[in-house]
Amino acid sequence: MPSVTTDQWLEAAAYRRSVHGLAGTSKVSDKRVEEIVAKVLDFAPSSYNTQPVRISLAFGKKHEEMWSIILEKAEPILKGINPELWEKLGPLFQSHQAAYGSVLFWERTQTTKEAAETHKATGHMFGEWGEHAQGIHQLLVWTALELEGVGANLQHMNSLPPLEAAIKEFAGVPEDYRLKAHLNYGDEQKPHPDKPKKLPIGDLLSVL
């Protein structure tokens with residue numbers, strides 16, 4: 001049996017927050033981040049153990065270079081939609097660039113296709129099940145990094161296809177990979193955020 005109790009595990013998960021205004025430093029070493037991500041990839045579940053999740057890491061200068069590309073690509077797109085949108089998001093993107101590192105979560109779509117062909121009765125479900133696997137991996141990595149002492153926030157640069165294409169090229173991943181989420185991390189420069197307000201449990205939980 002693990003030494004950690006159920007309440008300790010839940011307390012760790014509850015500590016996770018979206019932390020912004022991160023520093024360009026990390027008290028957690030690159031090697032330790034790699035170890036954490038490798039452990040998550042080794043044990044996190046996926047439907048039929050298909051393992052569609054892939055992860056890339058960008059530390060320090062590589063993180064900064066990647067965000068320079070994102071900013072360069074994003075500015076004309078967002079200004080073209082609405083100049084006020086860039087005025088709002090530009091500084092936010094720059095704050096992400098100022099963080100220390102990135103954890104990029106990908107779906108290997110070939111895995112999803114192969115699983116659907118192998119398990120034809122449930123083939124139509126593997127896209128949805130892949131999203132479940134993504135969420136599990138993301139939450140585990142995010143929680144672990146915050147327990148190690150850094151802050152993190154989860155972004156979705158795949159919302160603009162040109163940005164996803166630029167990140168794929170920068171990361172050098174295969175063409176069939178799809179970017180699902182982008183976790184920025186770094187040392188926290190402000191007090192850890194409080195728990196956000198939630199709906200009453202009675203609105204969320206029912207017992208049959």
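The values are calculated or read from the model by the stated rules, or taken from the named source; none is laboratory data. Because the structure is a prediction, the values reported are computed rather than measured. Glycine also receives a Cβ, built like all others from the backbone with ideal geometry; neighbour counts cover every protein chain displayed. Surface areas here come from the heavy atoms of the whole protein model, side chains and all, with no ligands, DNA or RNA. Shrake-Rupley method; radii C 1.70, N 1.55, O 1.52, S 1.80 Å.
Here are some notes:
- Over every Cα atom in the chain, the radius of gyration and the widest Cα-Cα span, Dmax, amount to 18.4, 56 Å.
- Formal net charge of residues neighbouring residue 159 (Cβ-Cβ distance under 13 Å; K, R +1; D, E -1): +2
- Cα gyration tensor shape for the stretch 1-61, rounded if a/c is under 1.5, else prolate or oblate: oblate
- Selected from 191, 161, 83 as most flexible by GNM, with the chain as the system and alpha-carbon contacts under 10 Å: 191
- Note on the chain: GNM, Cα springs under 10 Å; of 130, 80, 151, the largest mean-square fluctuation is that of 80.
- Kirkwood's formula applied to the C-alpha pairs of the stretch 40-145 gives a hydrodynamic radius of 16.0 angstrom.
- Protein accessible area in the chain, 1.4 Å probe - carbon and sulfur %: 55 percent
- Based on DSSP H segments of at least four residues, each scored -39500 (n - 2.57), the chain has a per-residue ellipticity at 222 nm of -16500 deg cm²/dmol.
- Residues within the reach of a label modelled at residue 43 (point 7 angstrom out along Cα to beta-carbon, backbone nitrogen below 11 Å), restricted to the stretch 4-27, are 4.
- Cα gyration tensor category, rounded, prolate or oblate, for the stretch 117-174 with a/c compared to 1.5: oblate
- Max mean-square fluctuation residue, GNM over the chain, Cα-Cα springs under 10 Å, options 22, 145, 85: 85
- Of the listed residues 188, 169, the order by accessible area with a 1.4 Å probe, largest first, is 169, 188.
- Note on the stretch 85-123 and the stretch 165-208: Cα centroid distance 10 Å, given to the nearest whole angstrom.
- Put simply, the stretch 93-208 fits an ellipsoid with semi-axes of 28, 25, 12 Å; these come from the alpha carbon gyration tensor as the roots of five times its eigenvalues, largest first.
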